[in-house]
Amino acid sequence: SDSHVGVGLRNYADLVHDRVFWKAIANTLVFGVATVSLQMVLGFSLAVLVRTRTRGRGVLRTLLFVPVVISPAIIATSFRVLLTPDGAFNQLLRGLGMTGFDHGWLTDPKTALATIIAINVWQYTGYSFVIYDAAISQIEPSIIEAARLDGLGALGMSTRIVAPLVKGSHMVLVVLGLISALKTFDVVFLTTGGGPGVETEFLSTYIYRQVISQFHAGYGAALSVVLVAVAMVFAVLQVRLVQRQADV
């Protein structure tokens with residue numbers, strides 16, 4: 001049993017010196033911060049826009065939420081086809097005369113991670129939008145009216161009045177978004193498979209590669225423990241935030 005303990009501990013020691021592990025951590029972190037930030041900014045802006053519109057609110061809400069309910073597997077495979085060097089997206093760019101910009105978005109190491117971030121933002125901004133839309137609906141109309149009488153424009157209203165009043169939603173979206181980033185697997189696996197090289201390797205895809213492809217069960221287990229530990233930190237953080245909101 002001592003030898004088993006030794007092997008188990010050695011797996012953790014190996015993690016520290018594993019270049020791909022640190023690359024996967026960095027990619028997951030960059031992906032999490034970028035997707036959460038963009039989804040929150042876009043979701044909030046769209047929620048404010050929809051609330052200030054008088055016509056077509058229902059249609060806009062539906063259109064914005066549709067990508068959220070589509071299976072990530074369908075979205076990933078669709079984008080993989082769209083973004084090939086001779087795919088529809090590059091054909092569109094060529095049609096618009098932007099010939100210098102067309103290339104393999106998911107196969108170029110410089111653009112692969114950014115492309116996966118863009119796909120995720122396209123799919124899940126509707127979720128942020130729904131959370132913000134519900135939060136804005138709870139704001140007392142008299143507060144908005146008073147700000148309007150003070151001469152606040154749309155931008156000032158959004159940033160100085162509405163944004164601080166929905167701070168509970170900001171907190172929830174940050175924590176849920178980062179937990180979601182940790183679990184991201186399907187979109188990466190079905191678009192780039194972690195490539196080119198390890199440019200889009202995530203913790204989840206690295207665990208899959210170690211356990212399923214290379215049969216390194218022990219090392220994969222050590223990676224999984226790290227993933228669970230980080231997820232636990234965010235889960236505890238979320239519970240704390242929810243309790244704090246309830247106390248307020």
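Shape call for the chain from the C-alpha gyration tensor, a ≥ b ≥ c root eigenvalues: rounded (a/c under 1.5), prolate (a/b greater than b/c) or oblate?
Working: a/c = 2.84, a/b = 1.40, b/c = 2.03.
It comes out oblate by the Cα gyration axes.
Looking at segment 71-150, the trypsin sites (Lys or Arg not before Pro) that sit in a DSSP loop and have at most 15 other Cβ atoms within 10 Å of their own Cβ are 110. Report in % the part of the accessible area of segment 46-123 that belongs to carbon and sulfur, leaving out ligands and nucleic acids; probe 1.4 Å. For segment 46-123, the apolar C and S fraction of the accessible surface comes to 69 percent.
Let me make sure I get this right: for segment 19-61, a, b and c are the square roots of the gyration tensor eigenvalues over alpha carbons, sorted descending. Under 1.5 in a/c it's rounded, otherwise prolate if a/b > b/c, else oblate. Which is it?
Values: a/c = 9.71, a/b = 4.36, b/c = 2.23.
Cα axes put segment 19-61 in the prolate bin.
With a/c under 1.5 counting as rounded, go ahead and sort segment 23-143 into rounded, prolate or oblate using the C-alpha gyration tensor (a ≥ b ≥ c being the square roots of the eigenvalues; past the cut-off, prolate if a/b is larger than b/c, else oblate). Prolate, since a/c reaches 1.5 and a/b exceeds b/c.
Quick check: with the 1.4 Å probe, what order do 216, 17, 170 take by accessible area, largest first?
Numbers: 216 90, 17 160, 170 45 Å².
The ranking, largest first, comes out as 17, 216, 170.
Angle of helix 57-69 to the longest C-alpha principal axis of the chain, folded into 0 to 90 degrees and rounded to 10: 0°. Roughly speaking, what % of Cα-Cα pairs in segment 159-248 are separated by over 22 Å, rounded to a whole number? Considering segment 159-248, 44 percent of its Cα-Cα pairs are separated by more than 22 Å.
Along its three principal directions, the equivalent ellipsoid of segment 86-176 from the Cα gyration tensor extends over semi-axes of 39, 18, 10 Å, largest first.
Taking θ as phi - 60° and the Karplus parameters 6.51, -1.76 and 1.60, the scalar couplings of segment 157-168 work out to 4, 5, 7, 9, 10, 6, 3, x, 6, 10, 5, x Hz in sequence order, x denoting glycine and proline.
Relative to the 2.2 N^0.38 Å rule of thumb, segment 47-108 has a C-alpha radius of gyration ratio of 1.55. Protein heavy-atom accessible surface, 1.4 Å probe, per residue over segment 177-228: 41 Å². Using a probe of 1.4 angstrom and keeping all protein chains present, the accessible surface of segment 36-157 works out to 58 square angstrom per residue.
Against the main long axis of the alpha-carbon atoms of the chain, helix 72-82 sits at an angle near 90°. So what's the back-of-envelope 222 nm ellipticity for the chain, counting only DSSP H runs of four-plus at -39500 (n - 2.57) apiece and dividing by all residues, rounded to 500? Per the formula, -23500 deg cm²/dmol.
The angle separating the long axis of helix 19-52 from the principal Cα axis of greatest extent in the chain is about 10 degrees.
The values are calculated or read from the model by the stated rules, or taken from the named source; none is laboratory data. Note that the structure is a prediction, hence the values are computed from the model and not measured. With ideal geometry, Cβ positions are generated from the backbone for all residues, glycine too; neighbour counts draw on all protein chains shown. Each accessible area value is taken on the protein alone, full model and side chains, heavy atoms only, with ligands, DNA and RNA left out. Shrake-Rupley method; radii C 1.70, N 1.55, O 1.52, S 1.80 Å.
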